[in-house]
Amino acid sequence: MEQFLNQLNESQKAAVLYNEGPSLVIAGAGSGKTRVLTYKIACLLKQGFAPSSILALTFTNKAAREMKDRIAQIVGSEMSNRLWMGTFHSIFYRILRMEADKIGFTENFTIYDSSDSKNLLKTIIKELRLDDKTYNPKKVHARISELKNNLVTPQSYEGRGDLHKEDMAKKMPLIKDIYAIYVNRCRKAGAMDFDDLLLYTNILFRDNPGVLAKFQHYFKFILVDEYQDTNFAQHLIVKKLAEKHHRVCVVGDDAQSIYSFRGANIENILRFKENYPEARIFKLEQNYRSTQNIVKAANSLIEKNKEQIKKSVFSENDEGNRVKVLSAYSDLEESSIIANAITDLRKSEKSDYRDFAILYRTNAQSRSLEEALRKRNIPYKIFGGLSFYQRKEIKDVIAYFRLITNPFDEEAFKRIINYPARGIGDTTVNKIAECALSQGVSYWGVISDPLRYNLPVNAGTATKLAGFRQLIEELAAELNEKDAYSMADTVIKKSGIYNDIFQGSSPEELTRKQNVEELLKGIYEFCSIKQEEEGDEFTCNLNSFLQEISLLTDMDTDNKNENKDRVTLMTVHSSKGLEFKTVFIAGMEEELFPSSMSTGTAEGLEEERRLFYVAITRAEQNCFVSYAKSRFRNGSSNFCNPSRFLKDIDSELLDLPEDYKMLYGRVSQQENISPFDTPFSRQTSGYNLKMKQEREREKVTGTPRFKASFPSVREAAKPAVNPNSISSHTPQDYSDIQVNTFVEHEKFGIGKVTALEGIGSNRKATISFKNSGERCILLKYARMKIID
DNA sequence: ACTAATAACATTTTT
DNA sequence: TGTTATTAGT
C-alpha cells in the first residue's frame, strides 16, 4: 500500500484516502486521474471493502477495461473481476436483465441501436401520415432522447405544458403522440434503446423500493469517472444508489465537458456540492503530460469561459515550444504542410509515426489529410467513421441473431425478411406492416398465422413467408444446443448469406466477406475468452454474445492495430483521454471550429472552446494549429477566416504566421473586438483582399510553396484473403495433446496438461499453468500451442 | 422485384 | 464532395 501512495502527489493522495463521505475530484487535463481512481479502488479493497460492493461507472468500455487491468495488476484479477466496473449502460443493462420482470420485460430483451430507433420512428411518422420534413426522424429521435434523459415519460409529458410549448415552437406538436407510440412499439418488440437503459433503471428504482433498497445496501461505495459527462438520468441513478451510504466519489473536469449535445449536463459537476452539502472537493492541478507552454496556452484559452470551477492547472515539465500556428491557402495545402511536418519532425526529433496525431472537428476533414499522407507513404489509422457493427453485412448477420433470440424484434425482422433475396418485396412487407398495425399484432405474429390475420397475399408469397418463418424457427430450435460460434456458422449457411457473400470476387464483395469473417472470428474469440473466464461448465450461447456486442463500439474492437507504428487521425471528440507527443489541430477556422451550428448560443460556443481545450491538452511536446483560407466543403470551395479561438490564447504563447499578424494586427489596432460578437462580415472583405494579394505574389514569383495538383489516387483494395478463410480461424487441431503435454497459452502462458475429458468439440483439458494456476479449458476454443 | 438514376443532405457521437 | 434514400424504369 505504502509503495503506491508514494507514487502520488499530495493532492492525489488526499483524494485517494478520503473515503468517509461524498467527494468530488476535479481532475485537470493530464493530472493523473486514472491513477487516482485505480489506487482509490485498490485502497478500498485493501481496507476490506468486498470487490462486489464497489460500483465503478465509466462512459466507455475502453476506460472500464483499462481501469480493470490496472487494478488487476495491483490486487490480482480474481479480485478485480468481481468489481462492478463498467459503463453506465452495461452495468444497468445487467441489472435490468436481472429485474426485467418488475418492469414488464423479459430478460432476453433486445437493444435497439440509434439507427434502429430512427428507422422505427420513421415508420411511425409515416404511419401517422405526417410530413417527414417537419417531423425529421433525426430531430424527433434527438427530442425523444432528450426527454428520456430527463426522465420525461409520455405520461409525465402530459402535465408539462412547457415542453409541449417547446415542441409547438419547433412545429412538432405531435411529438408526444409519436413518443407514446414509439415507447409502445419498443415494448411490444421486447426492445430498449440506449436511453431506455437509464430511464428504465430509474423507473425500476422508483417503482420498486425493495429493489432499490437491495442495491443501495449492496453497493457500499460508488465511483463515477468523467462525471462532467453525466446526464440527468445518470445523475439520479447515482444519487439514489448513494442515498444510503453516502460514499460516492465522482471524478471529472468541467473544462472537458464536450458532450452536451448528447444530453450531458455540466451542471451535475458544477452543482455537486449542492446535492451533497457535506462533500469534500479535491483538485488535481498538476499536469504531468504537457510542456508548460502547452498548459499555459490551454489555460489562457479556457479562461475565456464564464461557467467553470476555478482551478489553476500547472506543469513542472520543460517550458517547451510555443503553439505553432500554420496558415495554408487551401485545405489541400494544409494537409500537405502537416504531412511534410510529420516527415520532418520524425527525422529531426526521432519520433515514431505513432507519436503524431492529427485532430479535426469533423470527420469529413479526414479525406484530404488521408490523401496527403498516402502520397508520402506515411502510415496512418483513422478512427471514427463507420464502425464495424454499423456495416451493412454485419448488421444483416446480427439481425438474424436478434430475430432468432427475439422474434418480436421488428427492426431485425424488416432487415432480413428479404435478405438474402427470397422474393418477399416491399409490397408484401407493407401488407404485413398494415396487417400488424390494424390488428395490433407483431410482424412475427402475422407471418406465423397469415390466414388468421387475413394477410392478403397469393399462394406463392404465402409459401415464401412460410419458408422464412420455418427458417427462423429451425434456427431458434438449435439455440439451446449449440454454442454461439457454431450457431453463427449455421445461421450464415442456412440463411443463404454464405451463398450471397462468399461467391463474388469484386473488391466490394471481398471486403464484405472479410467483414463477416471478422465477425465470426470475433464470436470465436468471445467464446474462448468467456470459456476461460467462466470455467468449464459455461456454454457460450448466442444470447450472451448479443448482450456483449449490443453495447460495444468500434473503439473497443480494433485494438490489434494499436501497436503498429501509424499516425493517428481522429475527431477532437474521440481524442479525449488520449495523449500524443505531437498534435496537429487542423481546420481552425470560423464556421468549422467553432462549428457554425454552435455559435448561436453562449453555451454552445463555450462547449466548442472546451473542445479546443481538449484538443490542445492532448499534446505532450508539440502542438500545431492550422487553418486554411479556403476549404472544400459540401461540394464547393468556400473562403474561411481563422478561428476566433486563436485570439483567446495569449499571443506570447503562440507562434503566429506573418499573414495572420498582418490581418489581425490591423484589426486589433482599430478596436478591441470581443471574440463573442465579432461581426463576421467585417473581416471578410479585407481578408479576401489579403488573400488575393498573396495569391498574386505566388504567381509572380513563380515559386509556389507546394505543388498545386494532387492526383486523387484511391488506395487499392485491401490485400486479398484466402477464399476459404471462413475456416481459417477454425479451432486448431489438438489431437496430439496428451496428459503431461506442455502448452503455451496466449493469455495464461506456459502450462502442463493434467487431465483430458470429453470427445469431439466437447473435449476439455485441465491445464496447470505456471503463473495462472489450474484451469479447465474447452480445447475447441483454446488459443494455445503445443510445445515440445 | 430488382436495378439504375437522381435528389436531397450534410457537426461532434463514450452507449 | 460523397453518401444515402427514394423514385422511376425495366
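In segment A:190-205, the condition of being under 30 Å from A:Leu542 (Cβ atoms) and surrounded by fewer than 18 Cβ atoms within 10 Å (Cβ to Cβ) is met by at least one residue. Each residue in segment A:577-605 was checked for being crowded, with 23+ Cβ neighbours inside 10 Å and within 12 Å of DNA strand B (Cβ to nearest atom), and 4 of them qualify.
Being hydrophobic (A, V, I, L, M, F, W, C) and modelled with pLDDT under 90 is the filter; apply it to segment A:403-428 and report the residue that is nearest to A:Glu127 (Cα to Cα). Walk me through how you get there before you give the answer.
First, the residues of segment A:403-428 that are hydrophobic (A, V, I, L, M, F, W, C): A:403-404, A:408, A:412-413, A:416-417, A:421, A:424.
Now restrict to residues that are modelled with pLDDT under 90: A:421, A:424.
Numbers: A:Ala421: 25, A:Ile424: 21 Å.
Residue satisfying both the conditions and the ranking: A:Ile424.
For A:Val25, state whether it is in contact with a Phe, Trp or Tyr (Cβ under 7 Å, 6 or more places away or on another chain), of a type in the set (Val, Ile, Thr) and assigned to a strand (DSSP E or B). Before you say what the answer is, go through the steps one by one.
Numbers: in contact with a Phe, Trp or Tyr (Cβ under 7 Å, 6 or more places away or on another chain): yes; of a type in the set (Val, Ile, Thr): yes; assigned to a strand (DSSP E or B): yes.
Against the criterion (in contact with a Phe, Trp or Tyr (Cβ under 7 Å, 6 or more places away or on another chain), of a type in the set (Val, Ile, Thr) and assigned to a strand (DSSP E or B)), A:Val25 qualifies.
Do we find a residue being away from DNA strand B (no atom under 13 Å from the Cβ) and either of a type outside the set (Lys, Arg) or within 28 Å of A:Asn543 (Cα to Cα) (or both) anywhere in segment A:379-388? Yes, segment A:379-388 contains a residue that is away from DNA strand B (no atom under 13 Å from the Cβ) and either of a type outside the set (Lys, Arg) or within 28 Å of A:Asn543 (Cα to Cα) (or both).
Taken over segment A:448-478, the residue count meeting the criterion of being touching a Cys at 6+ places or on another chain (Cβ under 7 Å) and without any contact (Cβ under 8 Å) to a residue 12 or more places away in the chain is 0. Among the residues making up segment A:636-652, those that are within 14 Å of DNA strand B (Cβ to nearest atom) and either more than 31 Å from the chain's Cα centre (by Cα) or within 18 Å of A:Glu334 (Cα to Cα) (or both) are A:Ser636, A:Ser637, A:Asn638, A:Ser643. Flag: A:Ile432 matches the condition of being in a helix (DSSP H, G or I), β-branched (Val, Ile, Thr) and either touching a Lys or Arg at 6+ places or on another chain (Cβ under 8 Å) or in contact (Cβ under 8 Å) with a residue 12 or more places away in the chain (or both).
Condition check for A:Ala615 on (1) more than 24 Å from A:Asp254 (Cα to Cα); (2) surrounded by 24 or more Cβ atoms within 10 Å (Cβ to Cβ); (3) within 14 Å of DNA strand B (Cβ to nearest atom): one failure, at (1). Applying the criterion of being of a type in the set (D, E, K, R) and not in a helix (DSSP H, G or I) to the residues of segment A:626-683, the residue that is modelled with the lowest pLDDT is A:Asp677. Counting the residues of segment A:630-649 that are in contact (Cβ under 8 Å) with a residue 60 or more places away in the chain and either more than 13 Å from DNA strand C (Cβ to nearest atom) or under 20 Å from A:Tyr613 (Cα atoms) (or both) gives 6.
Each residue in segment A:240-262 was checked for being part of a loop (DSSP other than H, G, I, E, B) and within 16 Å of DNA strand B (Cβ to nearest atom), and 4 of them qualify.
A:Asn265 meets the conditions (1) over 25 Å from A:Arg97 (Cβ atoms); (2) outside any strand (DSSP E or B); (3) touching a residue at least 60 places away in the same chain (Cβ under 8 Å); (4) in contact with a helix residue (DSSP H, G or I) (Cβ under 9 Å, 6 or more places away or on another chain) in every case but one. The failed one is (3).
Of all residues in segment A:114-156, those that are among the charged types (D, E, K, R), within 15 Å of DNA strand B (Cβ to nearest atom) and without any contact (Cβ under 8 Å) to a residue 24 or more places away in the chain total 6.
If you go through segment A:46-93 and keep only what is within 9 Å of DNA strand B (Cβ to nearest atom) and hydroxyl-bearing (Ser, Thr, Tyr), you end up with A:Thr58, A:Thr60, A:Thr87, A:Ser90, A:Tyr93.
If we scan segment A:35-52, do we find a residue that is touching a Ser or Thr at 6+ places or on another chain (Cβ under 9 Å) and part of a loop (DSSP other than H, G, I, E, B)? The answer is no, given that none of the residues of segment A:35-52 is touching a Ser or Thr at 6+ places or on another chain (Cβ under 9 Å) and part of a loop (DSSP other than H, G, I, E, B). Can you confirm whether segment A:450-462 contains a residue that is out of contact with any Pro (no Cβ under 7 Å at 6 or more places or on another chain), in a helix (DSSP H, G or I), small (Gly, Ala, Ser) and more than 14 Å from DNA strand C (Cβ to nearest atom)? The answer is yes; a qualifying residue exists.
Taking into account only those residues within segment A:335-386 that are among the hydrophobic types (A, V, I, L, M, F, W, C) and in a loop (DSSP other than H, G, I, E, B), which is farthest from DNA strand C (Cβ to nearest atom)? Looking at residues that are among the hydrophobic types (A, V, I, L, M, F, W, C) and in a loop (DSSP other than H, G, I, E, B), I get A:Ile378. Within the group A:Asn150, A:Asn108, which residue is under 26 Å from A:Ser260 (Cα atoms), surrounded by fewer than 19 Cβ atoms within 10 Å (Cβ to Cβ) and more than 15 Å from DNA strand C (Cβ to nearest atom)? Unique residue meeting the criteria: A:Asn150. Checked against (1) touching a Gly at 6+ places or on another chain (Cβ under 7 Å); (2) within 25 Å of A:Ile178 (Cβ to Cβ), A:Thr106 passes all but a single condition, namely (2).
For segment A:128-137, state whether one or more residues are under 30 Å from A:Leu212 (Cα atoms) and buried (at least 20 other Cβ atoms within 10 Å of the Cβ). No, segment A:128-137 has no match at all. Close Cβ contacts (under 6 Å, 6 or more residues apart or on different chains) running from residues in segment A:593-604 that are closer than 19 Å to A:Ala364 by Cβ and in contact (Cβ under 8 Å) with a residue 12 or more places away in the chain to residues that are of a type in the set (S, T, N, Q) and more than 8 Å from DNA strand B (Cβ to nearest atom) comprise A:Phe593/A:Ser643.
The values are calculated or read from the model by the stated rules, or taken from the named source; none is laboratory data. Computed from a predicted model, the values in this text were never measured in an experiment. In this analysis, Cβ positions are derived from the backbone assuming ideal geometry, glycine residues included, and neighbour counts consider all displayed protein chains.
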